[in-house]
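Only one structure is covered here, and it is reproduced in the block below.
Coordinate-derived values only; no laboratory data. Here the structure is a predicted model, which is why all the values come from computation and not from measurement. Here the Cβ positions follow ideal geometry from the backbone for every residue, glycine too, while neighbour counts run over all protein chains shown.
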Amino acid sequence: MTTAYEIAKEAYAEYGIDTEDVIEKAASKAISIHCWQGDDVAGFDQPGNAASGGILTTGGYPGRATTFEQLTADFDQAARLIPGRKRVNLHASYAVFTDEHPWVDRDRLEYAHFEPWVAWARRRGYGIDFNPTLFSHPRVVDNLTVSSPDESVRSFWIRHCIACRRIAEQIGTELDDLVLNNFWIPDGLKDRPADRYTMRARLRSALDEIYSEDAPHVIDSVEQKVFGIGLEGFTCGNQEFYVAYAAQRGGRVVPLIDSGHFNPTESIADKLPSLLQFFPFVPLHVTRPMHWDSDHVVLFEDDILEIAAEIVRSPGGWERVLIGLDFFDASINRIAAWVSGARAMQKSIVYALLQPWQRLAELQDASRFSEKMVVSEQFKSMPWPAVWDEYCRRAGAPLDGGLWPLIDAYEKTVLVQRS
């Protein structure tokens, strides 16, 4: 132990907070890290196809991964710099095609196309989460998929989603784990619709068909959005629809909360204790929106601290809030993006675990709001960075000051060699 950590340990012990317990607990919380930061959401199955459905990356920083081998190598490099338990979050567009298992369209994907991911994850000790990919594909017609009035379009995407649930179930079986399978669609219209009801009725019918099979290793989630580029007038899958649908399914489907998919003044943290009252799991996609769903890299800021606080202090939040990241920035080093975002989330968790929540709640219930404010501000000056540093040391991860030389060295020896 370091002198700084020993001082911090004693300081927190005066308030009944055991930093050893904090480090152990923080190390137990898995974070699902999205593969698509490593290649700007390009995927492997539609080379040359531009991103669509409101998916947009900006910038052209060198070193983008273009193969399974490159993407997993980059993820491994980032993972070495990130403490704690890790999962990898995959989209169906990252199917690995080989001579033995050649290219098929998305409605015919099978588990075999993801066996390389599972073998790699098993070797590394990563969990896996999964997503059907209903964007960046020629069968997205007029920005519509399962809500399309064209039955051939609609049925194609329903088959794709059914295939993805089967793949997720097999992944869970192979890894003896639960797999989050998240459903998000870009469906919407640029201007005000003449008929909202029928589009949402088609979406509801499609979901009923998609979720008709049992999948005991799968946690099914549905993800809303306020609007997207070119979809300013109407989004088919909004929050009211998905929360109502999930409730109607009796908890067998849960709403996923993406922190970039709401109006900028809405509090994501405020939603968690509400949803935890009714759903067995509340999955998160943590991102950093700037004015809109810009998917900037997560930083150690107030909004993230509030999310971490609700995960820590809400009854059942620790076990039932599933943390996933979702950002993509092509203007910066992609390893740095992964590492900075994941560590910011973990740092927020450590910080939240070091707060005197029981005391603050008692002060709130006693209407001693002035004292609550003073105590809350006091703990911002406590030596929490020393606990974070000790957590990183024990996990074998670099301290914050040692990150850039390692990231820069990988860029110079690996990333710049890519055309």
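What angle do you read, to the nearest 10 degrees and between 0 and 90, between the alpha-carbon axis of helix 239-248 and the longest principal axis of the chain?
Here the helix axis deviates by roughly 90 degrees.
Of Thr145, Thr66, Ile128, which is farthest towards the positive pole of region 20-164's charge dipole, taken about the Cα centre with +1 and -1 on the beta-carbons of Lys, Arg and Asp, Glu respectively?
Checking the options against the dipole of region 20-164, the answer is Ile128.
Going by C-beta contacts inside 10 Å, put Tyr5, Tyr197, Tyr94 in order with the fewest on the left.
Least to most surrounded, the residues fall as Tyr197, Tyr5, Tyr94.
Report the charge-dipole magnitude of region 265-419 in Debye, nearest 20, computed about the Cα centre from +1 at each Lys and Arg Cβ and -1 at each Asp and Glu Cβ.
Dipole of region 265-419, to the nearest 20 debye: 440 debye.
Nearest 10 degrees is fine. How inclined is helix 196-210 to the longest principal axis of the chain, computing both from alpha carbons?
80 degrees
Once both axes come from the Cα atoms, what is the angle between helix 115-124 and the longest principal axis of the chain, in degrees from 0 to 90, rounded to 10?
Here the helix axis deviates by roughly 10 degrees.
Pairs Lys271/Lys347; Lys225/Lys271; Lys29/Lys225: which exceed 24 Å Cα-Cα? Present the calculation step by step, with values, prior to reporting the outcome.
On the way: Lys271/Lys347 21 Å; Lys225/Lys271 15 Å; Lys29/Lys225 27 Å.
Lys29/Lys225, as the Cα separations exceed 24 Å there.
Using just the helices of the chain, give the 222 nm mean residue ellipticity in deg cm²/dmol: DSSP H runs with n ≥ 4 each add -39,500 (n - 2.57), and the total is spread over all residues, rounded to 500.
Computed mean residue ellipticity for the chain: -13500 deg cm²/dmol.
Assigning unit charges at the beta carbon (Lys, Arg +1; Asp, Glu -1) and nothing else, what dipole magnitude in debye, to the nearest 20, does the chain show about its Cα centre?
100 debye
For q values of 0.25 Å⁻¹, compute log₁₀ I(q)/I(0) with the Debye formula on a Cα-only model of region 374-419, without solvent.
Relative scattering, expressed as log10 I(q)/I(0), comes to -0.87.
Please report, for the Cα atoms of the chain, the Rg to one decimal and the Dmax as a whole number; what are they, in angstrom?
Cα-based Rg and Dmax for the chain come out at 21.8, 69 Å.
Want the number for Arg393 to Trp292: 0.36 nm per residue separation, take away the alpha-carbon distance, what's left?
Additional length available on full extension: 32.7 nm.
So, how do all the Cα-to-Cα distances of region 329-389 break down into 10 Å bins, in percent, from 0 on up?
P(r) for region 329-389, in whole percents per bin: 20, 34, 25, 15, 6.
I need the fraction of alpha carbon pairs in region 267-419 separated by more than 29 Å, rounded to a whole percent.
Everything past 29 Å amounts to 28 percent.
If R0 is 60 Å, what FRET efficiency do you get for Arg192 and Glu10 from their C-beta distance, rounded to 0.05? Mind dumping the intermediate values first?
Numbers: r = 62 Å, r/R0 = 1.03.
The pair Arg192/Glu10 has a calculated efficiency of 0.45.
Of Phe278, Phe44, Phe135, Phe114, how do they rank once you tally other Cβ atoms within 10 Å and put the fewest first?
Least crowded to most crowded, the residues run Phe278, Phe44, Phe135, Phe114.
Taking other Cβ within 10 Å of each residue's Cβ, how do Cys164, Cys392 sort, fewest first?
Listed from fewest to most nearby Cβ atoms, that is Cys392, Cys164.
Relative to the Cα centre, what is the charge dipole magnitude of region 146-276, using +1 at the beta carbon of each Lys and Arg, -1 at the beta carbon of each Asp and Glu, and rounding to the nearest 20 debye?
Working: 14 positive and 20 negative charges, 81 e Å.
Dipole size: approximately 380 debye.
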